[in-house]
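Worksheet for the structure shown next.
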Amino acid sequence: MGERNILAYFRTESRAKEAVQRLKEAGFNTVDLSRFSLAPEDHSDLDNPIAEPFSSLASATGADVSSRDAGILVGAHTESSGMADGMHQFGAEDLCVTVVTTADRYEQAESILKELGANI
């Protein structure tokens, strides 16, 4: 049988860690928890001379951003760009639990993740 993967997103670290623990207890060996950010870190930089000196909506509105990359991403975020549909709940789903499993165990892993509130 072929391998399948699941990317499951969580809002809280406690739920994400609980999901990892439950998956490992159920015998899933390839399980990873990652946190990501809406904006890159200070060491990341995008060399885009076309955008000089006005590099993003965030910098145009006086937002404190660490780099042009961060400014572009912060400016595109629904909370700062004026998007009408926005987020329905407070907090980002910035925690990703990745599971690699066989096709015959996919539904079991998916069930564990959904039970803990994952967005798959």
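The values are calculated or read from the model by the stated rules, or taken from the named source; none is laboratory data. These numbers were taken from a predicted model, which means no experiment stands behind them. Cβ sites come from the backbone with ideal geometry, for glycine too, and all protein chains shown count toward neighbours.
When residues in the range 98-113 are screened for being touching a residue at least 12 places away in the same chain (Cβ under 8 Å) and part of a helix (DSSP H, G or I), 9 of them pass.
Per-residue answers, yes or no, for (1) farther than 17 Å from residue 105 by Cβ; (2) modelled with pLDDT under 60; (3) assigned to a loop (DSSP other than H, G, I, E, B); (4) basic (Lys, Arg):
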| residue | (1), (2), (3), (4) |
| --- | --- |
| 4 | no, no, no, yes |
| 17 | yes, no, no, yes |
| 24 | no, no, no, yes |
| 27 | no, no, yes, no |
| 43 | yes, yes, yes, no |
| 50 | yes, yes, no, no |
